[in-house]
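This report refers to the structure that appears directly beneath it.
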Amino acid sequence: MRLWAVIKKEFLHILRDPRSLAIIVLMPLLMIFIFGYAIDLDLKSIPIAVVDGDRTAASRSLVSSFTESGYFEVRYYLDNAADFEHFFRAGRIKGGLTIPRGFAKSVATQFETPVQVIVDGSDGNVGQTILHYSEAVLADYSVRSGPRQLQPLVELRPRFWYNESLESVNFIVPGLVAIILMMVSALLTSITIAREKETGTLEQLLAAPVRPIEIVIGKVIPYIALALLDGLIIIGAGLLIFGVPFRGSPALLLAGTLIYLFPCLALGLLISTLAKTQQVAMMQALIITILPSVMLSGFIFPVASMPKFHQFLSSIIPATYYLRIIRGVLLKGVHAAALAPDALILLCIGMVLMVVAVKKFKIKLD
């Protein structure tokens with residue numbers, strides 16, 4: 001009965017607080033729409049300029065190969081390759097294609113035909129992607145237009161599993177679920193005890209015949225239910241709006257999400273016990289959750305490519321483990337045995353954070 005009274009009190013606080021309701025309902029939907037459409041690792045319609053020194057059907061066919069790929073968009077036709085620099089400096093193009101004179105004759109009679117591709121390397125990742133796209137377009141053009149009397153000794157036939165179309169949205173949206181759940185859960189619970197301090201009701205709560213552990217659990221349980229509702233909304237939006245595949249078990253994903261919410265809510269509760277006001281608690285929750293989860297969890301950048309120190313930091317971030325769980329269930333359809341180590345680590349992180357939060361709350365109680 002005492003625990004239920006705390007739970008009921010917390011639910012009433014949430015329903016009467018428009019800020020909490022906005023965080024619960026509007027923020028997840030807004031973030032998944034913004035990030036789901038804004039974060040796209042697939043470069044499309046890359047602006048390029050072309051210097052066609054041959055001006056033949058073969059050279060025009062090569063240019064068409066670039067535009068028809070969907071990766072490139074020819075913005076300018078120039079007379080001289082020296083003009084590339086002006087357009088690069090102005091930011092109007094990301095690449096340049098130079099087709100020399102005699103291109104058509106060379107394609108018809110030789111096995112090697114020189115074509116120059118100039119890439120803006122100011123952004124290394126984008127530059128490498130443009131280079132790979134260009135190589136793929138040129139290789140396809142060579143197969144279609146070059147001499148056919150020689151066949152390659154080794155033929156590569158790549159096959160992609162789990163994300164056959166290589167759509168970045170299938171990689172990004174499950175990661176967004178992890179980031180948004182971490183942020184919203186920590187944000188919601190970070191203000192729960194801070195609100196009691198700020199409104200002056202903490203003394204009444206401490207004077208009630210309720211143990212500290214009951215207060216902590218009673219304040220967490222409502223946010224577990226609300227965060228789980230948020231998770232279902234986000235995942236549903238990802239499936240219905242962005243077409244993310246769901247190859248695994250819904251029950252397994254639900255269990256993994258509940259386990260992930262444990263350290264997220266415990267972290268928010270710990271912040272709430274330390275912060276004196278709701279504004280401070282919310283700022284601390286945003287700083288602690290968003291930046292590490294986005295940069296170090298494997299959401300965008302692979303953990304294996306990070307320096308050793310950053311890999312260590314990623315190992316204490318809950319989102320790192322939930323990303324493997326949700327991507328494994330949605331994209332690969334993995335079984336529980338494969339996800340058990342990540343779930344166990346999440347439980348351990350949650351237990352540590354919860355114990356520290358209870359200890360800190362006991363200090364306030366004394």
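Rounded to the nearest 5, the antiparallel percentage of DSSP beta bridges internal to the range 46-145 is 25%.
Over 25 Å between C-alpha atoms is what I'm after, so list which of Lys8/Lys360; Lys276/Lys308; Lys308/Lys360; Lys44/Lys332; Lys276/Lys359 land there. Walk me through the intermediate numbers first.
Details: Lys8/Lys360 23 Å; Lys276/Lys308 35 Å; Lys308/Lys360 32 Å; Lys44/Lys332 27 Å; Lys276/Lys359 17 Å.
From Lys8/Lys360; Lys276/Lys308; Lys308/Lys360; Lys44/Lys332; Lys276/Lys359, over 25 Å: Lys276/Lys308; Lys308/Lys360; Lys44/Lys332.
Please state, as a whole number in µm²/s, the translational diffusion coefficient that the Stokes-Einstein equation yields for the range 46-145 at 4 °C and 1.567 mPa s, with Rh defined as the Kirkwood radius across alpha carbon pairs. Reported coefficient: 95 µm²/s.
Neighbour counts of C-beta atoms inside 10 Å place Asp230, Asp54 in the sequence Asp54, Asp230, starting with the fewest. Just so you know, the Cα atoms of the range 244-339 work out to an Rg and Dmax of 15.2, 45 Å.
Rounded to the nearest 20 Debye, what is the dipole magnitude of the range 46-145 about its Cα centre when Lys and Arg each give +1 and Asp and Glu each give -1 at the C-beta?
Working: 9 positive and 12 negative charges, 42 e Å.
So the dipole magnitude of the range 46-145 works out to roughly 200 debye.
Among Leu267, Leu181, sorting on how many other beta-carbon atoms sit within 10 Å of each Cβ, with the fewest leading, yields Leu267, Leu181.
Since every read-out is calculated from the coordinates, none of them should be taken as a lab result. As the structure is a prediction and not an experimental result, all values here were calculated from the model. When we count neighbours, we look across all protein chains shown, and the Cβ atoms used for this are built from the backbone with ideal geometry, even at glycine.
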